[in-house]
Structure formats: structure tokens, C-alpha cells
Amino acid sequence: MTKIAAIIGGGVIGGGWAARFLLNGWSVRVFDPDPQAERKIGEVLANARRSLPGLADVAMPTEGALTFHASIAEADAGASWSQESVPERLDIKHTTLNAVQSACDPLAVIGSSTSGFKPSELQEGALRPGQIMVCHPFNPVYLLPLIEVVPTGRTDQAILETAKSTLTSIGMYPLHIKKEIDAHVADRFLEAVWREALWLVKDGIATTEEIDNAIRYGFGIRWAQMGLFETYRVAGGEAGMKHFMAQFGPCLQWPWTRLTDVPDFTDELVDLIAGQSEAQSGAYSIRELERIRDNNLVAMMRALKAQDWGAGALMNAQDARMKVGTPLSARVDDLDDLSQPLLTLSRAVPLDWVDYNGHMTESRYLDAFAQSTDRFMEIIGCDADYIASGGSYFTAETHIRHLDEVHAGARITVHTQMLLGQGKKLHLFHTMREGARVLATGEHFLLHVSLETRKPTAPSAAIETAMAQISAAQAHLGYPEGAGFAIRRPA
Ligand SMILES: NC(=O)c1ccc[n+]([C@@H]2O[C@H](COP(=O)([O-])OP(=O)(O)OC[C@H]3O[C@@H](n4cnc5c(N)ncnc54)[C@H](O)[C@@H]3O)[C@@H](O)[C@H]2O)c1
């Protein structure tokens, strides 16, 4: 399968898809009749480059090539994925899908970003209905993993499976919705919440800002990590879900919602909402709000990674996939060359590592070096299984030199020289770079301990052997410039 995606319609959503594919190593061919499309996609891409690579704890693939084309036929040439993100009108979707199918590989995936149309509606009058399915993303497409994949009974099973595995490979979560319905699943919630919110503003109960606060200071944070049902299961306490349902069951009969009733969509209502929204957020430009949103999303998703939960667990699984077959997953015996400092980190600087000075904050240098130390331990055999068996390394002393600044999104590497690895002692010297530029060095002295007694002990024979191999191979390197330093007391 070629790693070429055709992006048909390059607005907010098409631009996000373009960024998602490009940053995952695909080449992207765009068709959009808007002469401003190239500029708009460039802006989405700049946001994506700043935020997505740092979500991963390993380096992402090299970016693919981005090209713009004068027709759908030209954009679709050679593509194995064609994503339609044109305006939400069925006639435009049909014309577009027909043009795509006249040009594309019959085995290519054709995904539609439609928020509301059912896949059977998109397939009406198609040349090959089996190729078309809904692949509904969430804005920003380059950060949020969810894709609602909605096929019909006519959708080709092999193409459906390709779609799901391709989405997984670019860090997304294909939620396969087995039965089609208007607006799929997620947008039905959003529509329900939206209707309720329109009523609350129209009836003067709450302003747009008060409603946003009601969401973001409370249940919005809960939903990001456990969703609806798991949250309520916990809320039911030890008695669980049945108790929770019994407690709130009667509310279903009470006037707790106006969902069955729709407010009239009048100019007055639009002006009321738009005016309140301007008062609430008008101090920021849309680009500023996008960046604030992306910073927050990255910070939240990285926090969930540390818990290996929800969207964070998805990201960790994606990191593990990206590491396979790279030097970052090898052990000492698999590494070709032990004679130079070993690559122990290759990643982008995440948004949440950057401080008020606009560069990587000092504690994150230690964070990066700690990841390198963990990786070095893994190389010599001190991995999760070994630690579970009762042995590990504790850091006794650290000395970091901050030599140059580095910004969010920059790709950094760390190479590690072993200065001493003998018995319980492990002395490491890490060098962090962006390209050839040295950013920092970190010197760490560690002791092997028994996790039972919490006291220093000798490591396993296998670890001793691995350290001896590295020691012999790196002996010629000598003491690096910058090692053995301390901040001295003035004479
Ligand atoms: N905005 C969202 O939050 C969101 C979320 C999920 C899905 N969607 C869906 O994505 C689709 C696109 O929405 P959007 O928000 O990106 O809209 P948009 O208006 O930002 O972008 C639409 C793009 O399509 C281009 N276009 C118009 N006619 C075209 C044609 N015939 N061929 C190719 N390109 C054409 C326009 O120039 C524009 O750049 C819709 O189906 C929408 O329901 C939107």
C-alpha cells in the first residue's frame, strides 16, 4: 500500500487530516478550489508541527511531501486513502465522491468526514458503493484520536479493515459503529448538549461563559478520562451502577431537560449567543485560541499517558508501535555498534515542557535525561521484568549543564556514554542535541539496589556482562569534556 493520501477539501477538517497524515510519514495531495487553501493548510500545519510530535515519547516518522493539485483526478493519482472533507451538503458530497471514484484505485479507502450524513446516503448513486464509508474526525484532527468509522452492509470488508488498521497506524482510534444513524454517536451527544445550552442562554438562565465554566470546571474534566458510564459507576459508590441508576431514575420523569423541544433558530438567538461569546472570548484571536486549546490538549493527554489511561493509553500503545525495529527498542546484543555513545532518546520537545521564557524549562532536561537513563537500564537488561523481580537502580547524584536553548516541537536526541559500569556502580554521561547543536549534558551516578532491602547490592550476572561489553567497547572514548564537574565553592 502506498503511503499517499488525497485530501479533497482542505478547510478546518481537511487541513487537520493533511497534518495528521503528513506528520505520520504519509505524502499528502490536496485538492481545494479555494485559492486561500494553501495558506490555510499551512497555518493548520504550523499548529500541528508545534503540538503533535511532542505528544509522542519517541521520534515520529520523517514528514511526507505536501502538494496541491488542480483537480480531484490529479490529487487522487496513486493514493491509497482519499478523504472527503467538503462542505456538509449531500449534493456536493455526491459530486465529489463520483469524481474521486472515477480517478482513484478501486481498492483505496474513501473516507468521508461528514458530521451527519449516513454512509448509505453517501453511497447512493456511487460507482462502487463498497469503497465508501464515514470516517468522522474531531477537531483538531491532528491531536484528537477518535474517528467514528461507519460502514454499511454494502461496504467492502477488506477495505474496512484496511481503513481501521491505517487509522491505528497514524495514531488514531477507529471506533467502528456497527449500525448507521444520523450524526453517528458522538455528535448526538454534542447536539443534545448544544440544544440544552441554547435553551439556557435563550431563557436567560446562564451566559455562554457560565455554561462553559459549568462544563470545564467539573464534568468536562471527568469525561476526558472516564467518559459517562464509568464516571457514573464510580459515582454509585460501592453499591455500583444499579444503585446509581435507582437514585437518579426518577429524574427521567422530572423536567430536567428540554431536549424534546427545540428553540427557534432566530436572528435574535444568534445575536444573543454571538454577543455573549464575543464578551467571553473576543480578547483572543482564533489562532490564539487554537494554540491555547492545543497546549491544553497536549498537557492533558500527556498527563493521561503518565496514568496509562484513556487517550493516554492509546498514545502509549502508539509509541510502542513506533519504537518497533528502531535502535530505541534494541538490547545490548542487538546493537551493532557499542563503541560510541548509545542513542537513548529521540523525541520532540512537548508543549508542556516549555516555560514562560518560551524554551524548554530546566526540570525537563532532567526529565529527558531520566528517560535516557531508563532506556540505558533497559539496554543492559534492567527492564520492567527485572525490576519486578526485585532489582533496580536508584540515582545518587546528578549534574546537568544547560548549554543552549531549545523550543517546543524541536527534535532532540540523547546519546549516552557509560563512564563506569561495575558491580553496583553505574556512572552515565548523557549528551542532548538538536541536530549537531549540543543543548545540555547530564552526568548521573546510580547504585544498583535490592527493592526488598532498599540497600545497594550487586546486579545480576547478565547485567554485569552487558556492562562489561559496553565498558570494553567505550574504553577508547576517554572522559568526555564536561564530565566530573561540580559547582565549586568560591576560594
Ligand atoms: N468543523 C468541525 O468541527 C467538523 C468536525 C468533524 C467533521 N466535520 C465535517 O467536515 C466537513 C468539512 O467541514 P469543515 O469544517 O472543514 O468546513 P470548511 O468550510 O472549513 O472547509 C470546507 C472546504 O471545502 C472546500 N470545498 C468547497 N467545495 C469543494 C469541492 N467541490 N471540492 C473540494 N473542496 C471543496 C472549501 O474551499 C473549504 O476549504 C463537513 O462535512 C463537516 O461536517 C466538521
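Derivation of every value follows stated rules applied to the coordinates shown; laboratory data play no part. Only a predicted model underlies this, so the values are computations on that prediction, with no experimental measurement involved. Don't worry about glycine lacking a Cβ; one is built from the backbone with ideal geometry, like all the others, and counts go over all protein chains shown.
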**Request:** May I ask for the Kirkwood hydrodynamic radius of the range 1-74, worked out over all distinct Cα pairs and given in angstroms to one decimal?
**Result:** 12.4 Å
**Request:** Output the relative contact order of the chain, whole-number percent, from Cα pairs under 8 angstrom with separation of 6+ residues.
**Result:** 12 percent
**Request:** Under 1.5 on a/c is rounded, so check that first for the range 249-330, then, if it is not, pick prolate when a/b is larger than b/c and oblate when it is not; a ≥ b ≥ c are the square roots of the alpha carbon gyration tensor eigenvalues.
**Result:** oblate
**Message:** If you fit an axis through the alpha-carbon atoms of helix 157-169 and take the longest principal axis of the Cα set of the chain, what angle between them do you get, 0 to 90°, nearest 10?
**Reply:** 50 degrees
**Item:** Distance histogram in 10 Å bins (all Cα pairs of the range 212-264, percent per bin)
**Value:** 21, 35, 39, 5, 0
**Complete:** Taking 0.36 nm per residue of separation between Arg128 and Glu288 and subtracting their Cα-Cα distance, the length gained on full extension comes to 53.3 nm
**Request:** With an 8 Å cut-off on Cα pairs and a minimum separation of 6 or more residues, tell me the relative contact order of the range 24-92 in percent.
**Result:** 50 percent
**Message:** Can you give me the angle between helix 311-323 and the longest principal axis of the chain, using Cα atoms only, in degrees from 0 to 90, rounded to the nearest 10?
**Reply:** 60 degrees
**Of all DSSP beta bridges in the chain, antiparallel share, percent nearest 5** = 65 percent
**Fill in**
For Lys202, the lysines lying under 27 Å Cα to Cα, once residues fewer than eight places off in the same chain are dropped, come out as none
**Request:** Note down the relative contact order for the range 98-238 as a percent, whole number, built from C-alpha pairs under 8 angstrom at least six residues apart.
**Result:** 19 percent
**Asked** Which of the peptides 378-387, 255-264, 328-337 is most tightly packed, and how do the rest follow, judged by the mean count of other Cβ atoms within 10 Å per residue?
**Response** 378-387, 328-337, 255-264
**Fill in**
With N residues in the range 359-491, Rg(alpha-carbon) / (2.2 N^0.38 Å) equals 1.10
**Request:** Can you tell me the dipole magnitude for the chain around its Cα centre, using point charges on the Cβ only (Lys, Arg +1; Asp, Glu -1), in Debye to the nearest 20?
**Result:** 1180 debye
**Request:** For the range 347-387, build the charge dipole from Cβ charges (+1 Lys, Arg; -1 Asp, Glu) around the Cα centre, then report which of Val354, Phe369, Gly381 sits farthest towards its positive end.
**Result:** Val354
**Item:** Between 0 and 90°, nearest 10: helix 267-281 axis offset from the chain longest Cα axis
**Value:** 20 degrees
**Prompt:** Could the peptides 226-237, 301-312 be put in order, highest first, of the mean number of other beta-carbon atoms found within 10 Å of their residues?
**Reply:** 301-312, 226-237
**Request:** Quick one: pull the percentage of alpha-carbon pairs in the chain with a separation above 35 Å.
**Result:** 47 percent
**Item:** Cross-link partners of Lys93 among aspartates and glutamates (Cα-Cα below 14 Å; sequence separation of 8 or more within a chain)
**Value:** Asp32, Glu84, Glu121, Glu124
**Request:** Could you order peptides 400-413, 267-280, 475-488 by the average number of other Cβ atoms within 10 Å of their residues, highest first?
**Result:** 400-413, 267-280, 475-488
**Message:** Considering only C-alpha atoms, what is the centroid distance from the range 96-145 to the range 394-455, in Å?
**Reply:** 48 Å
**Request:** Counting other beta carbons within 10 Å of each Cβ, put Trp254, Trp26, Trp194 in order, fewest first.
**Result:** Trp254, Trp194, Trp26
**Message:** How many angstrom lie between the Cα centre of the range 266-297 and the Cα centre of the range 323-362?
**Reply:** 39 Å
**Message:** Apply the Karplus curve 6.51 cos²θ - 1.76 cosθ + 1.60, θ = phi - 60°, to the phi angles in the range 82-88 and return the couplings in whole Hz, x for Gly and Pro.
**Reply:** 10, 10, 8, 9, 8, x, 6
**Message:** Need the list of lysines near Lys323 for cross-linking: C-alpha distance under 21 angstrom, and skip anything on the same chain fewer than eight residues off.
**Reply:** Lys3, Lys164, Lys305
**20 °C / 1.002 mPa s Stokes-Einstein diffusion coefficient of the range 142-226, Kirkwood radius on C-alpha pairs, µm²/s** = 138 µm²/s
**Item:** Cα pair count fraction exceeding 23 Å, expressed as % - the range 288-407
**Value:** 44 percent
**Item:** Reciprocal mean inverse distance between Cα atoms of the range 63-155 - Kirkwood radius, Å
**Value:** 13.6 Å
**Message:** In the range 52-66, whose amide N lies under 20 Å from the spot 7 Å out along Cα-to-Cβ of Gln36? List them in ranges.
**Reply:** none
**Computed [θ] at 222 nm, deg cm²/dmol, the chain (DSSP H ≥ 4; -39,500 (n - 2.57); rounded to nearest 500)** = -12500 deg cm²/dmol
